[in-house]
Amino acid sequence: MKKLTRRDFLKVSGAGLGSAGLMLLTGCGSSSSDSTSSTSSSSVTADTGSTESAESTEWTLNMYEGENAITDLVTYQTLTNEITDFVAHHSQGAVTFNVICNLVSGFAAADPDGNLTPAAATSWESNEDATEWTFHLRDDVTWVDVNGNYMADMTSADFIAGMEWTLNFWKNEGYNTSMLIEMVAGAEEYYEYTKSLTEEEAEALTWNNDTFLETVGISTPDDYTVVYTMKAPKSYFYTLATYICLYPIAPALLESMTVDEYLAIDNTTMWYNGPYILTEFISGNEKVFEPNESWFGNDEHTRFQSVTVKMIESTDVGYTLYQAGEIDHITLNESIMANITEGSEYYDYMTETRYSKYSYQLYFCYDKNLEDGSTPDVNWNTAVANLAFRKVWYYGLDFTTYYARTNAVNPLKLENNCFTMKNLVSTSDGRDYTELVEDYLDLADYDGVNMRRLNPELAAQYKEEAIEELTAQGVTFPVEATYYVASSNQTALDTANVLKDAFTECFGDDFITLTIGTYISSSSDEVRTPSKASFYFTGWGADYGDPINYLGVEAFGSDDAVFATDMSKINNYSEEYCSGHSMTVKEPYDEQLIEDYQTFTDMMYAADEIVDDLDARYAAFAEAEAYMIDRVLVLPVNYSSSWQLTKINDYSKAYTMYGIIADYYYVDWETNSNGYTTEEYEALAAE
């Protein structure tokens with residue numbers, strides 16, 4: 001197979017490129033962690049654990065100057081990415097964080113190179129063994145309402161209020177607790193304490209109640225200093241500074257509302273201390289951001305006079321809007337790209353995006369129901385619990401045509417063989433953590449043509465083994481796998497049909513058939529909650545710079561393992577989880593599956609116990625991750641990089657592999673209303 005260049009593709013391709021199907025982005029973004037918080041006088045690096053001096057630096061502005069700069073940005077998101085919750089502490093979804101990051105400021109932001117930069121904090125540092133971290137706040141941060149009216153000063157008390165809310169089980173329902181429980185002294189004890197109370201008792205606890213202050217390792221020596229005490233040395237704790245669990249909540253706002261009222265806040269009732277105010281929000285239609293004139297960064301950073309986000313059905317609709325000059329960038333699907341021929345208006349303006357911060361996986365659902373949403377799909381559940389059945393997917397399913405729907409020129413650029421996103425952390429000798437995982441997996445060398453894990457011979461052997469074992473258990477073939485996309489998104493439907501063709505080619509219709517289902521408005525309510533899908537394509541981005549933040553989402557039996565609970569449903573077979581949630585534990589369809597999940601979880605927790613040697617810690621995590629992948633508990637699929645037409649310089653945006661500050665943080669962007677050419681973007685990438 002000849003590898004096509006961009007121009008080759010544009011001349012010969014007649015297919016159509018679209019969104020890579022339903023990819024619910026959860027968690028938060030992330031970037032390279034080989035830099036310290038460059039503001040601290042003595043900071044501990046995430047990649048080596050050594051203490052080094054770092055001078056305070058400023059985020060150098062390199063804005064596009066002149067008449068071509070965009071002052072009023074118009075961008076877009078697809079309807080499946082609409083915000084539904086303005087209480088960011090109560091969310092683990094990018095659809096929320098992509099909005100909130102512009103409205104509320106925490107300790108830190110990030111620059112285009114992945115370095116953390118000051119925001120509400122001026123600096124931070126740790127003690128010598130990284131068991132205590134101190135953040136120094138600005139004294140000019142204020143909260144305002146949607147009309148820009150002053151409401152309160154932000155002080156260290158706001159970070160007490162934010163953490164109490166997060167760790168109070170009945171207020172926040174376990175969202176965003178795992179990182180605090182893993183790192184902060186007393187966090188787990190307070191979480192379990194509130195969980196043991198009645199709902200009324202827990203909700204009655206004030207943000208500064210004595211039990212919290214006496215139990216949890218957070219203190220405020222003065223109004224502008226916050227100190228966190230760790231359970232053990234945590235050299236990477238500072239990387240949590242851009243994630244929502246360390247974000248502030250104004251105590252006065254909490255005191256003015258009941259818990260239910262606070263959970264129901266929207267853009268008109270929330271308070272703002274970030275760069276923008278969301279002055280208009282019409283769900284499923286449009287959002288309008290306007291500058292917060294009281295933002296502390298007004299004299300240090302640049303912003304747009306307004307940012308309008310239009311909600312659209314698909315990128316096909318977006319392309320029409322871009323042509324009409326109504327939006328300032330658009331991702332190109334395969335069919336659009338193929339129709340932009342040499343010599344046409346946009347031919348020399350197609351640019352390739354940077355990798356997003358997300359690592360995408362195929363998540364099997366181990367407790368699937370039939371279409372009625374209540375009757376167990378015994379045939380699927382029995383099949384997917386079988387290791388040989390899943391091994392056929394691992395060695396046999398070729399995603400190359402699926403990748404081409406998003407990146408038709410360089411499809412294998414999207415190939416992902418790990419669970420953790422690359423560039424998250426590296427060893428002391430500079431090796432990326434994902435290279436360690438790949439070493440354990442013993443993948444084939446990259447040949448530029450084929451996915452590295454594909455092995456048709458092994459796939460055929462496991463197919464024969466799976467049919468024999470599962471037939472004995474009463475499974476009928478072909479096994480039906482059901483996959484859902486939004487009914488309004490034709491691009492996603494087209495991509496699903498490409499996937500269906502790949503199933504036929506790779507599995508044969510005698511083994512697995514793919515049925516494509518549709519939902520109307522909410523994949524969560526219509527598909528995941530009634531557990532109607534056989535699998536999901538979902539991306540996860542790190543909350544902070546350590547592998548456990550990825551692996552922990554599949555921890556067997558854990559309250560905060562969001563994918564083990566909501567996606568794979570494996571926790572429905574965990575006695576520990578079910579007893580804590582007043583659920584009846586289900587009998588597993590295969591004991592080996594439960595044993596494998598428990599083994600992976602034990603390996604992960606053992607790796608987390610290694611705190612004095614980051615190289616050893618990463619090696620242990622890599623072994624646990626490789627075990628999870630080898631047992632095909634989840635199936636790594638892709639990274640995200642596509643082609644676009646854009647008037648925005650992606651290389652001027654904040655770019656991190658953890659936290660909530662990333663592509664959607666509308667601060668210090670360089671723009672050109674004439675659009676960027678391919679040649680200009682290649683130069684930006686090289687620089």
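The values are calculated or read from the model by the stated rules, or taken from the named source; none is laboratory data. This structure is a prediction, so every number in the text was calculated from the model and none was measured. All Cβ positions, even for glycine, are placed from backbone atoms using ideal geometry, and neighbour counts span all protein chains on display. Protein only, heavy atoms only, side chains kept; ligands, DNA and RNA dropped before computing areas. Shrake-Rupley method; radii C 1.70, N 1.55, O 1.52, S 1.80 Å.
Figure note: SER126, SER344 ranked by solvent-accessible area, largest first, 1.4 Å probe, ligands and nucleic acids not counted: SER344, SER126.
Please give the net charge around LEU493, taking every other residue with its beta carbon less than 15 angstrom from that of LEU493, where Lys and Arg add +1 and Asp and Glu add -1.
On the way: positive: ARG405, LYS500; negative: GLU313, ASP316, GLU334, ASP494, ASP501.
Result for the neighbourhood of LEU493: -3.
Would you work out the relative contact order for the chain, in percent, from Cα pairs under 8 angstrom that are 6 or more residues apart?
The normalised contact order for the chain reaches 24 percent.
Averaging over all projection directions, the Cα-based convex hull of region 235-295 occupies 6.0 nm² in the image plane. Taking every DSSP beta bridge that has both ends in the chain, the antiparallel portion is near 70%. Which entry is the computed semi-axes √(5λ) of the Cα gyration tensor in Å for this structure: (i) 37, 32, 24; (ii) 50, 41, 23; (iii) 54, 26, 24? Only one option fits the structure, namely (i).
3J(HN,Hα) along region 552-564, derived from phi through the Karplus expression 6.51 cos²θ - 1.76 cosθ + 1.60 where θ = phi - 60°, amounts to x, 6, 10, 5, 5, x, 8, 4, 9, 7, 4, 7, 5 Hz, with x in place of Gly and Pro. When the surface is traced with a 1.4 Å probe over the full set of protein chains, SER428 keeps roughly 80 Å² accessible. Remark: region 545-628 carries a charge dipole of roughly 320 debye about the Cα centre, counting +1 on each Lys and Arg Cβ and -1 on each Asp and Glu Cβ.
What part of the accessible area of the chain, given as a whole %, is carbon or sulfur when the probe is 1.4 angstrom? With neighbouring chains kept in place, the figure for the chain is 46 percent.
Over every Cα atom in region 286-440, the radius of gyration and the widest Cα-Cα span, Dmax, amount to 22.1, 62 Å.
Note on ASP266 and SER521: the model spin-label points, each 7 Å out from Cα along the C-beta direction, lie 1.2 nm apart. Positive end of the dipole of region 549-615 (Cβ unit charges, origin at the Cα centre): among ILE610, ILE594, SER579, the Cα lying farthest that way belongs to SER579. Once the C-beta distance of ASP613 and LYS586 is scaled by a Förster radius of 60 Å, the resulting FRET efficiency is 0.90 to the nearest 0.05. For THR122, the residues 5 or more places off, or on other chains, whose built amide H falls under 5 Å of its own are HIS136, LEU137, ARG138. So if R0 is 41 Å, what FRET efficiency would THR320 and THR375 give, r being the distance between their Cβ atoms, rounded to the nearest 0.05? Efficiency computed from Cβ-Cβ geometry: 0.45.
The lysines whose alpha-carbon is closer than 27 Å to the alpha-carbon of LYS195, local same-chain residues fewer than 8 away aside, are LYS171, LYS231, LYS234, LYS569, LYS586. Against the empirical curve 2.2 N^0.38 Å, the C-alpha radius of gyration of region 71-216 lands at a ratio of 1.18.
Here, region 442-521 has an Rg and a Dmax of 15.8, 43 Å when only alpha carbons are counted. Averaging the Cα positions of each part gives two centres, and for region 389-454 and region 280-316 these lie 36 Å apart.
What the Kirkwood sum gives for region 203-268 is a hydrodynamic radius of 14.3 Å, with every pair of different alpha carbons counted.
Quick check for you: with a 1.4 Å probe and neighbouring chains kept, what is the accessible area per residue of the chain, in Å²? Don't skip to the end; give the middle numbers.
Details: 25090 Å² over 687 residues.
Result: 37 Å² per residue.
Accessible surface of ASP328, taken over heavy atoms with a 1.4 Å probe and every protein chain present, rounds to 20 Å².
For the pairs LYS413/LYS532; LYS422/LYS463; LYS391/LYS463, flag any whose C-alpha to C-alpha distance is greater than 20 Å.
Details: LYS413/LYS532 31 Å; LYS422/LYS463 31 Å; LYS391/LYS463 8 Å.
With Cα atoms farther than 20 Å apart: LYS413/LYS532; LYS422/LYS463.
Annotation: lysines with alpha-carbon distance below 22 angstrom to LYS287 (same-chain offsets under eight excluded): LYS310, LYS647, LYS653. Entry note, the chain: the mean residue ellipticity at 222 nm calculated from DSSP H runs of n ≥ 4, each adding -39500 (n - 2.57), is -8500 deg cm²/dmol after division by the residues and rounding to the nearest 500. Along the axis of the charge dipole computed for the chain (Cβ charges of +1 for Lys and Arg, -1 for Asp and Glu, origin at the Cα centre), the listed residues TYR238, TYR519, HIS90 are led at the positive end by TYR519. Under the convention that each Lys and Arg Cβ holds +1 and each Asp and Glu Cβ holds -1, the size of the dipole of the chain around its Cα centre is about 1880 debye.
Of ASP85, ASP663, which has the most accessible area and how do the rest follow, probe 1.4 Å?
So, going from the largest accessible area down, we get ASP663, ASP85.
Charged side chains reduced to their Cβ positions (Lys and Arg at +1, Asp and Glu at -1) give region 266-415 a dipole of some 720 debye around its Cα centre.
Just the projected area, averaged over all directions, of the convex hull on the alpha carbon atoms of region 458-616: how many nm²? Before the final figure, lay out the partial values.
Numbers: hull surface 49.2 nm².
The number I arrive at for region 458-616 is 12.3 nm².
The mean of 1/r over all pairs of different alpha-carbon atoms in region 297-377, once inverted, gives a Kirkwood hydrodynamic radius of 17.4 Å. Summarising the amide proton neighbourhood of TYR76: residues at separation of 5 or more, or on other chains, whose placed amide H is nearer than 5 Å comprise LYS310.
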